[in-house]
Every structure is written in structure tokens, then in C-alpha cells.
């Protein structure tokens, strides 16, 4: 099974963190305690810029749950289509070549689901298999790849795609003055990404390169459901974000990961590429400490966090794109895609760089990374 292509699509509205903070101070002008502490809270996220689904001046205007969700649907379809077309193009594939689509998001709801709307807009084949996934949160980028890999393992001559769209800004709750909300409105951003996964027979026929997936693993941590997620009310999505997340990242991830690697005769020190979801500074620090990694090992996660913020399920796919662009660290190098999310849980994807993917030249510059067709 091969991860053959990764592409991103970002909203056109990009802002410096300081500008977003200033807008929020304006929204909360009647709450001086919030206004005074907001700059430091936002500085602590180490986010420098973010893309937003709407122009900054639109935030703070009265908006019902339904209106916000309508905006999510429209923007999600637009960004999802852009990301998927960009992922397909360098492989010479069209929307009609897709056999299965996995669509993940936790920042909006739709029925018909996002994948169905993309099927109509992009004219997928009528026999396409669709798997919409809601509720996995930040872990869904890695989990979506794993489920696409499961699919092409069963159907090795087929093409599966993952589309992740997260528009966290549309969940903003001005009435929520909790510390979790004050932090989240400085941490989360908006964006989309798409991944093309080829079965081994299909990759061989296409002479396509890409990351070879060796195995995947899902790990569920019991009795942690109050750590992260949403409380959904008549006003929309209220963030649940416990201070325990960094501690869990530090203490819980390594044992399960080591056991997974041991099944393949691999030790943690043999992993050359760490593709980690950038949950936030404390989460990244906790994860790195628990795994015994230096900052350089997760530098691309830090880069993505600074440039985009936390994009929930989309973030790890952004880090994957950056990892592919950086290139293989050596012959037969090993890599690990790792993300965590609500429940609490983690998802692991073990891969190697044989054969090494290449970055094609394209008009979008940094927007597409694909395996080579040789």
C-alpha cells in the first residue's frame, strides 16, 4: 500500500496572530479580564499566522448554529475539491479513477455528507464507496490514512482517497469565556488536505512511487472521554480541552508505540521520520519527551503549528506534506505518522521510503507533493 500523493488547500483569508488577537479583544471589549490576558495566552500557542474560512471582520457578528454550519458546508466543499484535485493531478488520475473516498471533519455536520457533495461536484463514478467519518477530531488525519490503507489492502488494484477539511473558526463561541475557549481561539486554524492511497497492484501498474505503508495501529485509552472533544448545544460546538492532554501524550503514547514496533522487530530509535500532529506547544513537548525525541525530530510539526495553527485532523497531513518535501533521510529509512484525539486515543502508521517520492513542479508551488511515476 502506498501513500502516493498529498495536497493542501487553504482559505484565502490569512492573518497574523496579533491581528486575530486584536479582533478578539474587540469582541470581548466588555470583559477586561479577558482582554488583558488574551495576548499572553495567544503568544503561548507559538502560532504566528492562520487562515480563516471567513474575513476577519465577519467574526463576532451574531450567527446561529445553522448559519455557521451552512458556511462550513460551502467552504468545506470548495476546499475539499481543491485539495483533492491537486492530489490527483500529479499522478495523472481523475475523479473517475477513485474507488473509495474517506472524508473526515469534526468542525461541521452535513447530510448528505461532504463526500456525497464532492461526488456530485467532481462527478465521481456512481459505484464509488463513501465513508464519512465524524468525531475522531485531531486523530482523524492519521486514522483516515489507516482506514484508506485497510481498504486498498483488501482491494490492491484500487485507488482510495482521504479528504480532511477542518474549519475551527466557524465553531467560535463568543459567549464561552472558559480558559479552554480562550486558548483554542488562539490555537486552531482552518484548512483542508487530501491524500491518495494506492493498492500495491495499482501502484505497480502505474509505476508509482510513494511511501510504502507497512502497518497501522489504533490505540484506545479507556476512561479518558472527558479529556478532549465538543459539548454540542443549541448554540453549536463548545470546546472541551483538558490540561491533562500533554500529560497523557507524555505517559501513554510511548508504551503502545513501542509494542507496535516490537511486532515488526523495530526499536523506536530506528524511526527516521516522525510525522506528528502539532496539537500545541505543551502537547508537542510532552509527546517528544515521552518518546525521547529532540525538538529537531518534530521540527516540521513545530513549523506547521507556527504557520497554520492546529488544524485538527488536517494538521498531520500538512506535516506529512512537509516531510515528503524534505525528502528521504536515507535508503530504507523508516517513518511514523502519529496523531492523538478525542476518546482519548492515538493512531499510528508505520511506513518506509522505498522508493523515495519526488516533488513535482506545479503552478501551486508548495501545495502538492506526490510519489514519482517512473
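The values are calculated or read from the model by the stated rules, or taken from the named source; none is laboratory data. If you're wondering where the values come from, they're calculated on a predicted model, not measured in any experiment. Ideal geometry is used to build each Cβ from the backbone, glycine not excepted, and the neighbour counts take in all protein chains shown.
Residues in region 20-34 that are over 22 Å from residue 49 (Cβ atoms) and surrounded by 10 or more Cβ atoms within 10 Å (Cβ to Cβ): 29, 31, 32, 34. Of all positions in region 341-354, at least one carries a residue that is buried (at least 24 other Cβ atoms within 10 Å of the Cβ), within 15 Å of residue 272 (Cβ to Cβ), in contact (Cβ under 8 Å) with a residue 60 or more places away in the chain and assigned by TED's automatic domain parsing to the domain that holds residue 251.
Yes/no matrix, rows are residues, columns are (1) at negative phi; (2) in a helix (DSSP H, G or I); (3) free of Cβ contacts under 8 Å to residues at least 60 places away in the same chain; (4) surrounded by fewer than 18 Cβ atoms within 10 Å (Cβ to Cβ):
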{"residue": "194", "(1), (2), (3), (4)": "yes, no, no, no"}
{"residue": "204", "(1), (2), (3), (4)": "yes, yes, yes, yes"}
{"residue": "224", "(1), (2), (3), (4)": "yes, no, no, yes"}
{"residue": "229", "(1), (2), (3), (4)": "no, no, no, no"}
{"residue": "247", "(1), (2), (3), (4)": "yes, yes, yes, yes"}
{"residue": "253", "(1), (2), (3), (4)": "yes, yes, no, no"}
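Per the conditions (1) assigned to a loop (DSSP other than H, G, I, E, B); (2) crowded, with 21+ Cβ neighbours inside 10 Å, the sole criterion not satisfied by residue 6 is (1). Quick check on residue 145: is it in contact with a strand residue (DSSP E or B) (Cβ under 9 Å, 6 or more places away or on another chain) and closer than 30 Å to residue 281 by Cβ? Answer is yes for this residue. When residue 68 is tested against (1) modelled with pLDDT of 95 or more; (2) more than 16 Å from residue 313 (Cα to Cα), just one condition goes unmet, and that condition is (1).
So, in region 9-19, exactly how many residues are part of a helix (DSSP H, G or I) and surrounded by fewer than 18 Cβ atoms within 10 Å (Cβ to Cβ)? Full working, then the answer.
Pass one, region 9-19, residues part of a helix (DSSP H, G or I): 17-19.
Restricting the remaining residues to those that are surrounded by fewer than 18 Cβ atoms within 10 Å (Cβ to Cβ) gives 18-19.
The qualifying residues number 2.
Applying a threshold of 9 Å to beta carbon distances and a minimum spacing of six or more residues, or different chains, the list of pairs starting in region 112-133 at a residue that is closer than 24 Å to residue 146 by Cβ and not assigned by TED's automatic domain parsing to the domain that holds residue 160 and ending at one that is in a helix (DSSP H, G or I) and modelled with pLDDT under 95 is empty. Just one of (1) part of a loop (DSSP other than H, G, I, E, B); (2) touching a residue at least 40 places away in the same chain (Cβ under 8 Å) fails for residue 152. It is (1).
Inspection of region 206-219 finds no residue satisfying the criterion of being assigned to a loop (DSSP other than H, G, I, E, B) and farther than 30 Å from residue 97 by Cα. For region 55-75, the set of residues classified as surrounded by 16 or more Cβ atoms within 10 Å (Cβ to Cβ) and either part of a loop (DSSP other than H, G, I, E, B) or without any contact (Cβ under 8 Å) to a residue 40 or more places away in the chain (or both) consists of 59, 63, listed by residue number.
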